[in-house]
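Here it is: the structure, laid out below.
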Amino acid sequence: MKKILLLLVLCCTINVVSQKEVCDTPEEEQALSLNSITKCSIEPSSSKKGKKTRQITVKVSASKRRFLKKREARKMTSVSGSSLSTSGVSEVATAPQISNSLSLKKKTATSNIAALTNSLSEEEVRKASRFSNVDKIPLFTKCKKAKRGERLDCFNTEMMLHIQKHFKYPSEAVRDVIEGEVWVRFIIDKNGDVKNIKTLGPENAEILNEEATRVVSKLARFIPGKKEGERVSVKYGFPINFSLEE
């Protein structure tokens with residue numbers, strides 16, 4: 001009898017854990033990083049036709065206090081290093097400037113190339129189907145063997161894991177106290193590639209838009225969505241709430 005009761009308690013515990021659709025950053029990781037995804041949840045929503053779907057909402061937070069401590073530590077290290085030697089200071093000082101300039105040019109060039117190669121034509125964008133209106137949604141490769149009724153849950157779970165792995169709260173945004181909600185939208189084309197990444201965030205918060213774009217651009221190729229047996233481009237999007245904590 002005791003074994004049966006123990007088995008029932010164990011099953012209930014597993015069930016509760018499996019229903020917790022959040023991606024909390026472990027406390028150990030929070031201690032090592034400025035960034036922490038405090039909550040990734042999936043909330044029910046409806047399309048225009050009343051068809052139920054499930055929407056990922058993400059909250060990304062960072063500690064202002066931890067950022068300030070790290071900045072002070074860097075300043076102390078910099079002062080300590082500069083006091084050891086004053087010879088050749090002017091030559092050394094120009095090196096980071098040159099490096100930053102080259103890095104900026106390279107980043108700009110890369111962004112321009114990405115913009116050209118990752119865009120669909122206006123007609124293709126217009127023909128793209130809504131995520132909730134296709135017969136088979138795009139899938140992560142890990143969801144390939146998921147049953148029909150489990151595909152959406154698998155998609156959402158893999159998307160949350162991707163966000164948790166790649167998101168970083170920009171240090172400049174922490175320093176300048178920039179926060180707010182960014183909506184990111186993109187299209188998964190007929191080949192499964194992510195195209196036409198668009199973001200809409202707070203005024204004067206372009207750095208948050210760039211971070212959202214960076215993370216989405218790292219998504220691997222999907223198994224394409226299908227409608228009436230044919231591969232189709234599919235629209236997808238979700239909100240990201242950037243917030244700063246003490």
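For the list (1) buried (at least 19 other Cβ atoms within 10 Å of the Cβ); (2) over 12 Å from Phe242 (Cβ atoms), I need the number of the one condition that Arg148 fails.
Evaluating Arg148 over (1) buried (at least 19 other Cβ atoms within 10 Å of the Cβ); (2) over 12 Å from Phe242 (Cβ atoms) leaves (1) as the failure.
Are any residues in segment 212-235 open to solvent by less than 20 Å² (accessible area, probe 1.4 Å) and not hydrophobic (A, V, I, L, M, F, W, C), and if so, which ones?
Matches in segment 212-235: Gly225, Ser233.
Please return the ranges of helices (runs of 4 or more DSSP H) entirely within segment 130-246 where 2 or more residues are among the basic types (Lys, Arg).
151-166
Say we look at segment 181-207 and pick out the residues that are of a type in the set (Gly, Ala, Ser) and more than 14 Å from Ala220 (Cβ to Cβ); which of these is surrounded by the fewest Cβ atoms within 10 Å (Cβ to Cβ)? Explain how you work it out, then say what you get.
Going residue by residue through segment 181-207, those that are of a type in the set (Gly, Ala, Ser) are 192, 201, 205.
Narrowing the set further to residues that are more than 14 Å from Ala220 (Cβ to Cβ) leaves 201, 205.
Numbers: Gly201: 23, Ala205: 20.
Looking at the filtered set, the residue picked out is Ala205.
Tell me which residues, restricted to segment 151-178, are surrounded by 20 or more Cβ atoms within 10 Å (Cβ to Cβ) and of a type in the set (D, E, K, R).
Listed by number, the list is empty, since nothing qualifies.
The values are calculated or read from the model by the stated rules, or taken from the named source; none is laboratory data. Keep in mind it's a predicted model, so treat the numbers as computed, not measured. Cβ: placed from backbone, ideal geometry, glycine included. Neighbour counts: every protein chain shown. In case anyone asks, the SASA skips ligands and DNA or RNA and just uses the protein heavy atoms, side chains included. Shrake-Rupley method; radii C 1.70, N 1.55, O 1.52, S 1.80 Å.
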